[in-house]
Amino acid sequence: MIIIKKFKQLTTSKFGRNVAIVATGTAMSQAIAVIFTPVITRLYGPEAFGLMGTFVSLGTVAASISALTYPAAMVLPKKDSDARDIAKLSVYVSIGTSFLATLVILIAGDRMFAFLGAQAISAFSLLIPLQMFFSAWLRIAQQWLIRKKQFMTTAKVDVIKSLIINIAQIVIGLFKPIAAVLIVFSTLGIGLNALMLNLSTDKKDKKKRINKQGKKQNAAALIQIARKYYDFPLYRAPVLFLEDASTNLPVIMLSAFFGPASAGFYVLGNKLLKGPNKLIGKSVSNVFYPKITEAAHKGRNLRQLIIDATLGLATAGIIPYAVIIIFGPWIFKLVFGAEWVMAGEYARWISFNIFFQFIARPSVVAIVTLGLQKGYLIYELISTAVELAALYAGFIIFKSDIIAVALFSVSYAISFIVLICWVIVTSKNDIQQERYSDE
């Protein structure tokens, strides 16, 4: 009964209402994706999905460090002027990293893709730096809107972007159902999302930002900001890189060891199971980050905030993931066609890690506020090594894709259980107050 009570408190509070706004937009965008996916899967097939998934996996890993995670710091300062400086610093950094990625691909791209067993997507390699820049631009816009608590804006944009991209994939797929279409739109979708968020920013707020440009945006001010939030590139960026690498390893390795079709099965299962995660988990993250930061400013009990949010998410997520564990293969066969039944088998195991990733959202968000980023880096190094070992055992020792996915998912789930316990146990009020000062 304690979980139900906490969930009711979560949904009736202002925090809960803000979560509901973001979740509604995410729910609608996910509903659009679910409605169109059976058509898309029948047009393109597992192999095209696998090639797209391999490209997206590599692009996501590269994009994770495109701005060295500086945009995530935009919520922390008390002054908007400091947040604007962080945004400008993020733009400069993302331009530099995207340029470096372009050089690396031009010089050694063929060898890298051959090493990863991803030669089939090497023709699209130069889209990766573009995806890096678009991703940084998107994160800057998202974090500014989170800071200003413009949750309705992000909700509307999620829906419109999902509708445009899914319709475009189907229309073009009727004439040219090839992997290239999915790959190109995976990159354009990020850019479109970023563009619409920037265009949808409150006009008064946008005018204020433009008028204040130049006050503290000289090189010295940006260097000062970079130093103040040094732990983001030093600790958070490697963590995010490792996080995305471990999350996307199954797609890359399935494609290399068992072919694009196996990767396609995993991509579809993973994509659909992340629906509840995006629906509520992302919404909680967007609202919880400024809430726990504000609570830190006021010296409130952060531990209880984390526990309440975690219990609420556990209540919301248990039933959807349990259904997939029991009926996964049958559901996928019915909805997406007989050739996708293996995706349902994968989905049974993926459910374990997605559920615990889902309920760990408040703990992950709290890490920045609690100043635990150095410890988080150590945790991520260890957990990534364990997950890589699990995949290796499945592929090399057991020579089975199902066993590899199962071992990876179980080890991933255990790592999130450890993370939740660590954050709750170590959370306290004497956090690093200097980053919340006006200096």
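The values are calculated or read from the model by the stated rules, or taken from the named source; none is laboratory data. Note that the structure is a prediction, hence the values are computed from the model and not measured. Here the Cβ is made from the backbone with ideal geometry for all residues, glycine too, and neighbour counts use every protein chain on show.
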message: Scan segment 116-136 and tell me whether some residue there is aliphatic (A, V, I, L, M), outside any helix (DSSP H, G or I) and modelled with pLDDT of 90 or more.
response: yes
- line: Requiring at least 2 residues that are under 24 Å from Phe49 (Cα atoms), the helices (runs of 4 or more DSSP H) wholly within segment 291-372 are 302-336, 341-359
query: Can you name the residue in segment 59-112 that is closer than 20 Å to Thr369 by Cα and basic (Lys, Arg) and, of all such residues, is surrounded by the most Cβ atoms within 10 Å (Cβ to Cβ)?
result: Arg84
field: Failed item, numbered, when Asn353 is tested on (1) farther than 25 Å from Thr41 by Cα; (2) under 21 Å from the mean Cα position of the chain (by Cα)
entry: (1)
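Residues in segment 161-194 that are in a loop (DSSP other than H, G, I, E, B) and within 23 Å of the chain's Cα centre (by Cα): how many? Full working, then the answer.
Step one: list which residues in segment 161-194 are in a loop (DSSP other than H, G, I, E, B), which gives 174-178.
With the extra rule that they be within 23 Å of the chain's Cα centre (by Cα), the set shrinks to none.
Residues in segment 161-194 being in a loop (DSSP other than H, G, I, E, B) and within 23 Å of the chain's Cα centre (by Cα): 0 in total.
Could you please let me know if Lys156 is in contact (Cβ under 8 Å) with a residue 24 or more places away in the chain and not aliphatic (A, V, I, L, M)?
On the way: in contact (Cβ under 8 Å) with a residue 24 or more places away in the chain: yes; not aliphatic (A, V, I, L, M): yes.
Yes, satisfied.
Which ones in segment 65-103 are among the small types (Gly, Ala, Ser) and within 16 Å of Ser135 (Cβ to Cβ)?
Matches in segment 65-103: Ser66, Ala67, Ala72, Ala87, Ser90, Ser94, Gly96, Ser98, Ala101.
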message: If the requirement is being within 30 Å of Asn218 (Cα to Cα), basic (Lys, Arg) and not in a helix (DSSP H, G or I), which of these qualifies: Lys78, Lys88?
response: Lys78
message: Contact list please: Cβ distance under 7 Å, first residue in segment 360-371 and on the phi > 0 side of the Ramachandran plot, second residue in a loop (DSSP other than H, G, I, E, B) and hydrophobic (A, V, I, L, M, F, W, C), pairs at least six apart or on different chains.
response: Gly371/Ile431
Among the residues listed as Leu334, Leu372, the single one being among the hydrophobic types (A, V, I, L, M, F, W, C) and surrounded by fewer than 19 Cβ atoms within 10 Å (Cβ to Cβ): Leu334
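When the residues of segment 164-180 are narrowed to those that are hydrophobic (A, V, I, L, M, F, W, C) and in contact (Cβ under 8 Å) with a residue 24 or more places away in the chain, which ends up farthest from Gly45 (Cα to Cα)? Before the answer, list the steps.
Here is the first cut: in segment 164-180, the ones hydrophobic (A, V, I, L, M, F, W, C) are 164-165, 167-168, 170-172, 174-175, 178-180.
Now drop any that are not in contact (Cβ under 8 Å) with a residue 24 or more places away in the chain, which leaves 164-165, 167, 170, 174, 178-180.
Details: Ile164: 21, Ile165: 18, Ile167: 17, Ile170: 13, Leu174: 13, Ile178: 9, Ala179: 9, Ala180: 13 Å.
Ranking the qualifying residues of segment 164-180, first place goes to Ile164.
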All positions within segment 86-110 that are of a type outside the set (Gly, Ala, Ser) and more than 16 Å from Pro233 (Cα to Cα): Phe99, Leu100, Thr102, Leu103, Val104, Ile105, Leu106, Ile107, Asp110
- line: Residue pairs within 8 Å by beta carbon, gap of at least six or interchain, first lying in segment 128-149 and over 12 Å from Ser64 (Cα atoms), second acidic (Asp, Glu), listed first then second, are Arg147/Asp80; Lys148/Asp202; Lys148/Asp205
query: For Val287, are the conditions met, namely being part of a helix (DSSP H, G or I) and within 25 Å of Phe151 (Cα to Cα)?
result: yes
- request: Please determine, by comparing only the residues of segment 188-235 that are among the β-branched types (Val, Ile, Thr) and surrounded by 20 or more Cβ atoms within 10 Å (Cβ to Cβ), which one is modelled with the lowest pLDDT.
  value: Ile225
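Quick check on this structure: which one of Lys148, Lys156 is more than 20 Å from the chain's Cα centre (by Cα), more than 25 Å from Ile121 (Cα to Cα), modelled with pLDDT under 90 and not aliphatic (A, V, I, L, M)? Reasoning before the result, please.
Values: Lys156 fails: more than 20 Å from the chain's Cα centre (by Cα).
Result of the check over Lys148, Lys156: Lys148.
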- request: Within segment 39-50, track down each residue that is within 12 Å of Glu339 (Cα to Cα) and surrounded by fewer than 21 Cβ atoms within 10 Å (Cβ to Cβ).
  value: Arg42, Gly45, Glu47
- prompt: Pairs, please: C-beta under 7 Å, at least 6 apart or cross-chain, first residue in contact (Cβ under 8 Å) with a residue 60 or more places away in the chain and on the phi < 0 side of the Ramachandran plot and in segment 324-335, second among the β-branched types (Val, Ile, Thr) and surrounded by 16 or more Cβ atoms within 10 Å (Cβ to Cβ)?
  reply: Phe332/Val341
field: Filter result for the condition that a residue is under 15 Å from Leu58 (Cα atoms) and part of a helix (DSSP H, G or I), over Met152, Met112
entry: Met112
- prompt: Does Ser255 fit the bill of being in contact with an Asp or Glu (Cβ under 6 Å, 6 or more places away or on another chain), crowded, with 22+ Cβ neighbours inside 10 Å, within 27 Å of Thr97 (Cβ to Cβ) and modelled with pLDDT under 90?
  reply: no
- line: When segment 73-124 is checked residue by residue, the ones that are touching a residue at least 24 places away in the same chain (Cβ under 8 Å), among the hydroxyl-bearing types (Ser, Thr, Tyr) and out of contact with any Lys or Arg (no Cβ under 8 Å at 6 or more places or on another chain) are Tyr92, Ser94, Thr97, Ser98, Thr102
message: Checking Ala343 against (1) crowded, with 17+ Cβ neighbours inside 10 Å; (2) within 30 Å of Pro46 (Cβ to Cβ); (3) touching a Ser or Thr at 6+ places or on another chain (Cβ under 6 Å); (4) not basic (Lys, Arg), only one condition comes out false. Which one?
response: (3)
